[in-house]
Structures are given as C-alpha cells and as structure tokens.
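*Asks:* Structure incoming, see below.
Since every read-out is calculated from the coordinates, none of them should be taken as a lab result. Keep in mind that what you see is a predicted model, and the values were worked out from it rather than measured. Cβ sites come from the backbone with ideal geometry, for glycine too, and all protein chains shown count toward neighbours.
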Amino acid sequence: MSTTIFEKSSQGRRGYNISKNDVNIELKDVLPANLVRKEDAKLPQSSELDVMRHYIELSSKNHFIEKGFYPLGSCTMKYNPKINEVVARQSGIANLHPLQPEETVQGALQIMHELQNDLAEISGMANVTLQPVAGAQGEFVGLKIISAYHQAKGNHHKKVIIMPDSAHGTNPASCSLAGFDVKELKSNSQGKVDVEELRKMVDENTAGFMLTNPNTLGLFENKIEEIAEIIHAVDGLMYMDGANFNALLGIVQPGKIGFDVMHYNLHKTFSTPHGGGGPGSGAVGVVEHLTKFLPVPMISKNDNGYFLDYSHEKTSIGKVHTYYGNFGINVRAYVYIKMLGAEGIRSVGENAVINANYLQAKLKDYYNISHADQYCMHEFVADGTIQKKKYGVSTLDIAKRLLDKGYHAPTIYFPLIISEAIMIEPTETESKQTLDKFISAMIEIAHEIETDPESLHHAPFNTPVRRVDDVRAVKQLNVRFPIEK
Amino acid sequence: MPYISTTEQERQEMLREIGVSSFKELIANIPEKFVMKDKLNLEPAFSEQQISRKVFQLTNTNKCTQASDSYLGAGVYDHFIPAAVDTIVSRPEFYTAYTPYQAEVSQGTLQFIYEYQTMICELTGMEIANASMYDGASAAAEAILMAIRSTRKNKALIASTINPNFKNVIERYTEGLGIELEFINSVNGVMDIKDLEAKVNDDIACVLVQSPNFFGNIEDMFATEKLTHQTKKGLFIASTDPIALAITNSPAEYNADIVIGEGQALGNNINYGGPLFGFFATKLAMARTMPGRLVGETLDEAGNKAYSLTLQAREQHIRRVKATSNICSNQSLCTLAATVYMALMGREGIKEVATQSITKAHYLAQEITKIEGFELAYPQQTFFKEFVVKTPIPAEEIIEKALNHNIYAGVDMKIFGYDNQLMIAVTEKKTKADLDRFLAVLKEVI
C-alpha cells in the first residue's frame, strides 16, 4: 500500500507558484485578530513532482474502462468516448459562470436546449429538465413532481408509492426523502410484476408506481399496458427508473408505453464517465401535463435567443441544485447523442441486448440463471447457488476471483430477490472477443471451484491489495489520517 | 456505428449462438405496438470532426471568464487552478473508474478519498468528513435532515443571510416531511443575533448559519454557538467557504457540530454552475447519522494496510426506506481535483490564496467607495472575498456597460431583491492592474 501524501510532506516544501500580492494592504488591517484562525490547517507540504508521482501511483491501483471489462449489472459501464472529454474541457464550457448575462452564454444554453429536446425525443417524453445531478436526485425530482401533481388536485391522501421488491435501493430511500410511504410488491415466479397482486394493493391512497423497465433481472415488463391502466385508474402516476434505459434505446419510448415520469442516468446510458463515483447526471423527463411542475429554470428559446426560463415558477417544484445541474457532464452526453444520431442510438439498444443474450446463452450451463428460459434485455442475473451449495464457494468469492483475471466483478447480491446474485451487463461497446474471453474466465472459475474450492475463499491474489477486511473498517473506524504537526 | 465493436458478421454469429435468426426474436416479448416503427427524429449523426467544429463554434459564442475579467461569485469562485490538477483528473484511471465497491481494484480512488476526508477535517477542524455531496446546497439540506434525525426535533432555524439558492434547495429537501423551517432576520448584512436569541428554544434541532454569508460578511459564529448550545439538543451547523477557512476561525474554534459548504473553490472549474461538490464534516460521535459515502483504513488478508468504503449500513442499498439519505454517489472526481489542489497548495499556499483574496477584495472595496455615488452596502461588517456596493445607477446598466470593456462587473442583486446593488467577488487571480482598470471602467460607465 502506498504511504499517504501526508507522510511524504516536508516542512517548507511547496508545490504552488502564484503571483506575489501587489496590493498594499496587510491582512491584520482587514481581518480583526479575534477572527483569525488560531492554528493552521495541517495540509501536506509537497512539490509538484511529489504530488504528481503520488497520484499517478494511486491511479495505477484502479480498475478502469480502458484497462478492462466491467460486466457490472445495472451500471452500464460502456466506453466513454474521448471526444466528449476534449469538448467538455474547453474553456468556453469549463469557465462559464452561472450568473453571466444570457447573451454571453448562448452556446451553452443552446447545448442544454438541444439536449433537453433530444432526451425528450429518445424517451417519448414531452419535456426534460437537466437539473438533477445524479440518478438518485432524479428519482427525488420525479417523486416531487408526482407529489406536486397530487397536491395541485388537493389529493393530499395520496401518499403511497408502490414498487417491486426487485427495486434499486435508491427507490425506497428517495420515496422517504420525498415524503412518501413505500409498499413493496412481491415479484411473480417469472421475476416480473405480479399484476393481480398489484391490483389488490392499489387503492385511493396510491400516488404512483415506480418501476425499472427492463427490470433489475434484465427482463422487459411486458404487462406494462395493464400495469399503467391499473395505476392510472386511481389517478396514480407511472414512474420509470431509467437505470436500464440502455436496453430500450431506439426500440421503445417509455413516454409512449404508459410512463408519466422518468429519470435518465446520463452516466450510464449516455456515456458520461462514472468518475469513480460521480459526478453523474440524472435528467428527468415528463409527459405534457406534468411539464409545469419541472424545476426552474428550464432552457427555452424565443426570438432573442436562448434563455433561462422561470415562467412556470408558480407551479414548479423549485430548485434542487445551486445552479442548473451538472452542465459539464451534460455536454458530454450531448456530444454522444449528436455523434450517434437515430441509427446509432438504435444500434446501441440492439447490440446491448445481443451482447447480454450471448453471454447468458454461453454461461447458463455453468451457473444457475433462474430466468434463462426467457431472452433477457441488456443484462441478466446469474447466481452462485450451485457453487455455494455444492462447494461452499460464495458469489463474493467468485467476484473476487474475477478480479484476478483482469475483470471488474459483476454486480453481486442484487437484486435482493435472487440469492447469491451475479448480475451481468456487458453493454454494447464490448466486442465479441472480449465477451468470449470473459466467458472463458467464468468457465475457468467454475472449474476451479470444483477442483480447489478452498483457494477461492482467499481470492484475489494478483490485485494491488489482497481481500480487504471491510468488517474491520467498521469496527476500528479510521477515516482520517492522524497528522501530527 | 460509433463505439460499437461488433461487426455484422459477428452479430450474425452471436445471434446464431443465442439460437435466434434475428434481433426481432430477442424482443418478441415486447408488445408489438410498443416497438418503434419509425426512426427517432434526431439530427443526422455527426462525425467526430463535425461535432468538434459545431461545439467549438457554439463555445465561441460563449464569452468565458478566462477571456474576460470576472468579478462574479455568489457561491462559485474563480480561483487559480494549477495545471497539475487537470493532468490528474484527466486520467482515465480515475475518471472512467466505477464507484469503489470492489476495494481490491479501487485502492487509487479509495486512498485519495481518504486523503480528501483528512484534508477537509484539517480545514474544518472536525473529526470526520464524508466523501462529498452533490453541492453546497444539498449538503446544507442533508445537514438539516441529519440534525432532525439525531435530535428527534423537527424545527430548524436558518439565518436569512445564507445563499438564497441554498435556501431553495433546503426547502425542497425538507417539505412534506413535517419539518418546520424558521428564518432568522438579518440586520446590516448579517444575521440579527437578537432575533436568533428570541427564536432559539428547546424545540429546535439546529441553527444553520453561513459565514462568510451570501453577502460576503463574516457572521458572529461564537455568539451563535452559545445561543444554540444553550438549548437542550440544538446542533450548530456552519456553512462556510473552504478558502476562508485557511485564515479565519476554524469551525472547531467556535464548536460547530456539522460543517458544510460549497467546495468548488478548491481546484474545480465553474462549469456554468456544475459539477460542484459539497463538503460535509462533523463530530465522530455523530458518524452513524451522517449521510454519504465514507472511506476507512483497514487491512487486507495479508495484513497490509488497505482502504474500503465503510459504515455502509447507513446507506440506501442496505437500509433502503430507512437510509440516512438516498445519495448513492459522491462527486468523486471533483473531490480528486480538490485533493490534488490542496496537496499542491499545502499549508502555506492555501493561506496565501486566502490572504490575497481578502486583501485584494478590500483594496477594490476601498477604492470603489472613493468613486462618487458608490458606497459599501454594509460598511460596518468584516467581509472576506466578496462584498456588496450600492450603485448610483441600476447595477444592470453597470454590468452591461462594463461588458463592453470585457469585464463581468459582478452579480446584480436585483435578482435577489436588492435594487441598485452590485455584489463583487475578488480572488487572488486579480492583479492590482486588473483592479485599477476595473475602477477606471466603473468611473467611466456611471
């Protein structure tokens, strides 16, 4: 393990080079003594070379897309095109202030306006806000819109959001934050919404239904029309968690199949980088009659050009971000969509689905796949139940062994309704060769489990560190380096 | 097709292996009427060359702050960013990596977050900092929710001198949850301590005060602390500027319980207002009620030091409805920029940035008031790098005219309800020559 930047610090060393202060005012004349900090913040003292070496060394300990495949279910770890980065890092994008007069940011506003429209077109929604900065914040905004819709009608009793038990953890958490109660619907034997159970659960208190489609098992919810009818019959709204939107690109428009609100994960479906956990972007689209509730400002256009539109402020849910969301990230998604065009977008959806089905077909003889009798969409959920039962090797062990073979692990132990879940999403950007190698690695592991199950418990062996003890990380909490002086 | 590796021949092979003759069979499960018949109505695909040209032309119509002289602030600031910062954050090893759930192949990300947490603790004087929130505004909202959770009281007092955008976001995050927000009046550009005194009582969960506040003025955090902690359970939430922390009282000195703020000033571009990042720090005893990601040091199987995400039992993927927040990310790459920035500036550099910002701001303020018709809106207050002036003509006109001289004169306070007032932010990037030129332009335009 690398020493920390703090241990490399040396008194008096410096890594900055800023101009000398050329105004003739002393600090003591402008900051009264009682407001002066008593003790310095003990930041490290390093040269620029120290800092570069340190963080380059750290970077070498990461798995990342250009190094290897991420079969990470629900996360859509597709390739992040480099042109997106080059464009977004231009000064005319990166160095704009949010309160510049509108006439000085017409280009930025045009990009946002076109992106709003393109996302609306791709999803069949009427209007889109780019303000939410993450999928979870998108969920929050979508739920606030649902709440505003019911409040506007005086239906204050509509407090319940129903969702399947296979939902992402953010769904219930976002409901809590937005002031809704959650009812969980047990999935049927096919891993889908149990329409009859849903019918029983719905009542006048139902505010809406939150559904990921394709669902977290990678299966298209084909009863969607009936589901939407049941929800709409009690004046509930249909929310689509767009985490899996990649599967539908150019094939199905959520706005045309009964959904009223959805969020997009631009860092999944539209190729903006994950950044090691953020910043992402969680735009939200709505059907026409919900447009008036979208956050302010929207980006609109009139004869004078593009502008920040606050005209619906009275009905809007308000703001969820200090300014207009993650503009720098949205630019990347804009470039991506422009480069794909309609055919490219469709091709993403098709190839994502083909790649996933190819992996499912090739792996089903080696790992249990509960729903392998159905074609999946962009992902599928295998599991390690056989390996666990017969050889005592867990899904965690399998995941860790994959790291040894140069792959990131799939999403594991999710969805919660499949035990020992191994959720695999290849994305459209991976080639057949990559998939074939990954299949071989998975088969190799299946064989290793049969011949030497014990060793799997200790994987990985070839990674920068060995298996990390996260229980100790909780029990002996150490979240701050103790800097002595 | 761009970014798709599969050739037509491979596609056919794969379909054959799957056991279907066409893609259509794979989606036969989707009701026919829902499958798109027509192509999406999008612009024809651009080549890489074409999109570069298009966006370059668009950005050329933008007039960026680097090509001008900008005095815009209001929560996001134009501090100097050393070149090494961008070199590090542009590495795909960092920017295309996923959230570090698989610790064994994410030590790079985990360690820099651990270092970031440590640096934020140093700046704020607090014991524990999370891996960051979306922005300062959502960090403020989450701090209030945390105070409500840990005190089981449902009322928050908030200084009305906070950034109005923070106020909007706080309202969004707290409405519908049975939480009462009460605002403390302002007097002369700072919170009215007497009004705070009148409003604090044992029913409050917290008092949130921003210092330097929205107008740039430094609040009396010591008096606020006293009043807050005189209540039974009330927590003191300080919202602050990370650069100001280098030279002004650390929140530990005035015994804040939770410290939050907008972190953009630490090595991040303004990006037309996003991405930003919120820092969030508190006392160790409150770690378990804290929102957001957290990285801890631990050991690997061989007994070597390693890092991993920790205290995940607070989070949405485990607690679901009962999670401390719905957040499932941090602004990781923004915090990487901040970490590298703080490592480069170090103990002395960050003080230098802060000192130059405050002294240059004061030079400009002092000289502006010498111009007929201009005066400080709050002359009795101590400010940091931003201040408000009353203007002899509408601020809008000044802004418009200064723009002809390639200067962004500041924020028109009319949008926040103050006529004939201009808010001006000054960072270490300004030279005396810049400031003198700005002064000359101000003289000319009125």
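*Asks:* Output the peptides B:257-269, B:9-21 sorted from most to least packed, where packing is the average of other Cβ atoms within 10 Å over each peptide's residues.
*Replies:* Those peptides, ordered most packed to least, come out B:257-269, B:9-21.
*Asks:* Continuing with the same structure: Taking θ as phi - 60°, what are the ³J(HN,Hα) couplings along the stretch B:10-22 by the Karplus curve (6.51, -1.76, 1.60), each to the nearest whole Hz, with x for Gly and Pro?
*Replies:* Going residue by residue, I get 5, 4, 5, 4, 5, 4, 4, 4, 5, x, 10, 9, 8 Hz, with x marking Gly and Pro.
*Asks:* Return the whole-Å distance between the Cα centroid of the stretch A:59-127 and the Cα centroid of the stretch A:338-357.
*Replies:* A separation of 18 Å, based on Cα centres.
*Asks:* Residue by residue through B:113-123, how many Cβ atoms from other chains fall within 10 Å of the Cβ on average?
*Replies:* Counting Cβ atoms of other protein chains within 10 Å of each residue's Cβ and averaging gives 6.
*Asks:* For chain A, what does the relative contact order come out to in percent, with C-alpha contacts under 8 Å and a separation of six or more?
*Replies:* Computed value for chain A: 19 percent relative contact order.
*Asks:* Would you compute, from DSSP H runs of 4+ residues alone, the mean residue ellipticity of the protein assembly as shown at 222 nm, taking -39500 (n - 2.57) per run and dividing by the full residue count, rounded to the nearest 500?
*Replies:* -11000 deg cm²/dmol
*Asks:* Hydropathy at least 0.0 by Kyte-Doolittle, axial extent at least 30 angstrom from the Cα trace: which helices of chain A, defined as entire DSSP H runs, fit?
*Replies:* A:327-363
*Asks:* Counting DSSP beta bridges with both partners in chain A, what percentage is antiparallel, nearest 5?
*Replies:* 50 percent
*Asks:* For A:Asn304, what is the net charge nearby, where nearby means another residue's Cβ is under 13 Å from its Cβ and Lys, Arg count +1, Asp, Glu -1?
*Replies:* -3
*Asks:* Could you grab the relative contact order for the stretch A:357-481? Cα pairs under 8 Å, six or more apart, rounded to a whole percent.
*Replies:* Across the stretch A:357-481, relative contact order equals 26 percent.
*Asks:* Working from Cα positions, state the angle (0 to 90°, nearest 10) between the long axis of helix B:164-174 and the longest principal axis of chain B.
*Replies:* 50 degrees
*Asks:* What Kirkwood radius, in Å to one decimal, follows from the Cα pairs of the stretch B:235-340?
*Replies:* 15.7 Å
*Asks:* What are the ³J(HN,Hα) couplings of the stretch A:235-251, residue after residue, when phi is run through the Karplus curve with 6.51, -1.76, 1.60 and θ = phi - 60°? Round to Hz, x for glycine and proline.
*Replies:* With coefficients 6.51, -1.76 and 1.60, one gets 6, x, 10, 9, 9, 10, 6, x, 4, 9, 4, 3, 5, 9, 3, x, 10 Hz.
*Asks:* Could you give the angle, 0 to 90 degrees to the nearest 10, between helix B:48-61's Cα long axis and the longest principal axis of the Cα atoms of chain B?
*Replies:* It is inclined by approximately 10 degrees.
*Asks:* Lys and Arg at +1, Asp and Glu at -1: add these up for the other residues within a Cβ distance under 14 Å of A:Asn355 and post the number.
*Replies:* Computed value for this residue: -4.
*Asks:* Using only atoms on other chains, find how many Cβ atoms lie within 10 Å of each Cβ of peptide B:355-363 and report the average.
*Replies:* For peptide B:355-363, the averaged partner shielding equals 5.
*Asks:* A follow-up question, please. Counting only other residues whose beta carbon sits under 13 Å from that of A:Ser91, what net charge do I get with K and R as +1, D and E as -1?
*Replies:* Neighbourhood net charge equals 0.
*Asks:* Normalized C-alpha radius of gyration of the stretch A:331-485, against 2.2 N^0.38 Å?
*Replies:* 1.26
*Asks:* Write down the Å³ per residue value for the convex hull defined by the alpha carbon atoms of the protein assembly as shown.
*Replies:* Hull volume normalised by residue count: 151 Å³.
*Asks:* Given the peptides A:17-28, B:371-382, arrange them by the average over their residues of other C-beta atoms within 10 Å, most packed first.
*Replies:* Final packing ranking: B:371-382, A:17-28.
*Asks:* Tell me which residues come under 5 Å, amide H to amide H, from B:Ser239 once H is placed; ignore anything under 5 positions away on its chain.
*Replies:* So B:Ser239 has HN proximity to B:Val209, B:Gln210, B:Ser211, B:Ile260.
*Asks:* Over the stretch A:81-137, one equal point on each Cα, no solvent: what is log10 I(q)/I(0) by the Debye formula at q = 0.23, 0.27 Å⁻¹?
*Replies:* Once normalised to I(0) and log-transformed, intensities are -1.12, -1.16.
*Asks:* Pull up all non-local amide H partners of A:Ile299: gap of 5 or more, or a different chain, and H-to-H distance under 5 Å with H placed in the peptide plane.
*Replies:* Long-range HN contacts for A:Ile299: A:Asp309.
*Asks:* Just check chain B against the gyration tensor rule for me: Cα atoms, a ≥ b ≥ c as the square roots of the eigenvalues, rounded for a/c under 1.5, and otherwise prolate or oblate depending on whether a/b exceeds b/c.
*Replies:* oblate
*Asks:* Shifting gears a bit: Write down Rg/Rh for the stretch B:1-142, rounded to two decimals, with Rg from the C-alpha atoms and Rh from the Kirkwood relation over Cα pairs.
*Replies:* Reported Rg/Rh, Kirkwood definition of Rh: 1.10.
*Asks:* Right, something else. From other protein chains only, count the Cβ atoms within 10 Å of every residue's Cβ in B:380-388, then give the mean.
*Replies:* Counting other chains' Cβ atoms within 10 Å and averaging over B:380-388 gives 1.
*Asks:* Pull up all non-local amide H partners of B:Asp135: gap of 5 or more, or a different chain, and H-to-H distance under 5 Å with H placed in the peptide plane.
*Replies:* B:Gly278
*Asks:* On a 19 Å Cα-Cα criterion, which of the cross-link pairs B:Lys385/B:Lys430; B:Lys226/B:Lys351; A:Lys82/B:Lys54; B:Lys370/B:Lys390; A:Lys67/A:Lys432; A:Lys475/B:Lys283 come out too long?
*Replies:* Listed pairs above 19 Å: B:Lys226/B:Lys351.
*Asks:* Spelling out what I want: for every residue of the stretch A:265-274, take phi, set θ = phi - 60°, compute 6.51 cos²θ - 1.76 cosθ + 1.60 (Karplus), and round to whole Hz; glycine and proline get x.
*Replies:* 9, 5, 7, 9, 5, 10, 6, 6, x, 6
*Asks:* Moving to a separate point now. Quick one: compute the contact order of the stretch A:237-326, relative version, from alpha carbon pairs under 8 angstrom and 6+ residues apart, as a percent.
*Replies:* 22 percent
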